[in-house]
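Structure record follows, encoded as structure tokens.
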Amino acid sequence: MEKLFAIVQKHFFYGWVIAGLAMISMAFWYGFRTTFSVFFVAMIDHFQWSRAETAGAQSIGMIVYMVMAPLVGHLVDRTGPRRIILPGIILMGLGLLLCTRITTLIHFYLFFGLIAGMGVTCLSISPFTAILSHWFERKRGMANGFASLGIGIGPLLFVPLTQHLINVKGWSFAFLIFSLLVFTIPFPLIALFLRHRPQDVGLTVDGDSLDPSSKKAEFHPPPQENHVTHLIKTSRFWSFLLFPSLTVFSVYIIIVHHVKYLIDLGVDRIWAASLFAAVGALSAGFRFFWGWLSDRIGREMTYTLGGMGFILGILCLILFRSFPSLVVLYLFVFFFGAGWGSTAPMFMSIAGDLYKGKRFGLIYGMLEGMIGMGAAFGSWLAGYIFDQTQSYQWAFFLAILSCMISILLAWHVAPRKYRRQPAMSVD
């Protein structure tokens, strides 16, 4: 294996292999999250559960994520990623396999929300953001953008595939195939090729020369005021935790419920799932673009542009109820896909700019925990609002407001003040 690293390094930096593994893992993570939108419809049709009850499985999964993400991020940096990620893959595959035997709502909550939800956390953005922070410094935005392509690829591949499998063989068969894919793709790749730090294979951050005379970034010793126990007392740190949570709250209102919303308005099921796949595809392309752009114009401005696209996308979704035109749907796909694409690269890069250090896995895990809380609440609240009003309109307007507040908080976090300097090291 070491010979392989030597051969690879002659041609390109092995850190991009790590970013590629992160991309594949995130594709399965977000494929799991977003296929819920089609399982959601299938479960309601089969069992006649209410929308709030059915969305509760996604909310439980996100609560599990909220609890697990800080722990996973912390353990990855303490014990190494493969010892955490590989058991997680097994747990995710097992949970999906058990989903084939669902007969009650409790089964759905337990197998999908709890067991698979615990496992998929180990394939999520939380551990891989910590891992990538060790491999990249100068091109952090680009690397994070490349890795988070998986968040767009997941919906692009898994949503239409799942809908097709449900149409052909039913939801139980779809869960079975998803489980088999988990065991046969990410598990062997992570086992063979994932490495924690460049030093583990004789490399340096960004693939810089090992020559001590070569120019390298200089980092200041971690000052006491940057200890985690101090950070939780600062308004900047809470803004840092809240701004992604508010946007993901909005994201999950849309991605969990928009397929059912469109079907209710007369859109064909396959067409609705295909539109979601197109959103994922667009977001994938934009994730790399936003990451690249943020290295040049700054994180705040990039996040603001993405947020504006996200808001325009939701407005198009609202407008479709009164003007059921394909043009409106295409505009929704474009703007929402573009805006959604800005989220993960900015969350990852802003965190790395501010808090890279020994405790970064824990800090980013805390961030993802807050994101899980926002996703859980958004998934459930939109279903509850519909059950009470028979409309998603107020839920969609709430998503817009939440996104606006998130943009303001990102400016308060102010990564621009640290971007031109080495990231703050957190002890």
Diffusion constant of the range 67-180 at 37 °C, which comes from Stokes-Einstein with the Kirkwood Cα-pair radius and 0.692 mPa s, µm²/s: 212
Among Phe47, Ser274, Ile125 the positive-end extreme of the charge dipole of the chain (Cβ point charges): Ile125
Mean ellipticity per residue at 222 nm, deg cm²/dmol - from DSSP H runs of n ≥ 4 across the chain, formula -39500 (n - 2.57): -25500 deg cm²/dmol
Residue order, fewest to most surrounding Cβ atoms within 10 angstrom, among Ser239, Ser325: Ser325, Ser239
Modelled FRET efficiency - R0 22 Å, Leu401 with Thr234, Cβ distances, 0.05 increments: 0.30
The range 290-427 - charge dipole about Cα centre, Lys and Arg +1 at Cβ, Asp and Glu -1, debye rounded to 20: 460
Dipole of the range 1-132 [Lys/Arg +1, Asp/Glu -1 at C-beta], most positive-end residue of Val64, Tyr14, Gly95: Tyr14
Dipole-positive endmost among Ser406, Thr79, Gly383 within the chain (Cβ charges, Cα centre): Thr79
Segment Gln388-Ile270, extension gain: residue separation times 0.36 nm, minus the distance between their alpha carbons: 39.7 nm
Once exposed loop trypsin sites (Lys or Arg not before Pro) are cut out (DSSP; at most 16 other Cβ, 10 Å), longest piece of the chain: 234-357
Gained length - Thr103 relative to Met301, 0.36 nm times residue gap less alpha-carbon distance: 66.5 nm
All-pairs alpha carbon distance profile, the chain, 10 Å steps from 0, percent: 5, 23, 34, 24, 11, 3, 0
Count of Lys pairs (Cα-Cα under 22 Å; at least 8 positions apart or interchain) in the chain: 18
Cβ charges +1 (Lys, Arg) and -1 (Asp, Glu), total dipole of the chain, debye: 620
Kirkwood hydrodynamic radius (C-alpha pairs) into Stokes-Einstein, the range 233-331, 4 °C and 1.567 mPa s, D in µm²/s: 85
At least 30 Å along the helix axis (C-alpha) and Kyte average at least 0.5, DSSP helices within the chain: 51-79, 235-264, 269-297, 299-322, 360-389, 393-413
Summed side-chain charge close to Gly150 - residues other than Gly150 whose Cβ falls under 12 Å, Lys, Arg +1, Asp, Glu -1: +2
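Rule-based calculations on the coordinates, nothing more; no lab input. These numbers come from a predicted model, not from an experiment. As a convention, Cβ positions derive from the backbone with ideal geometry for all residues, glycine included, and neighbour counts pool all protein chains shown.
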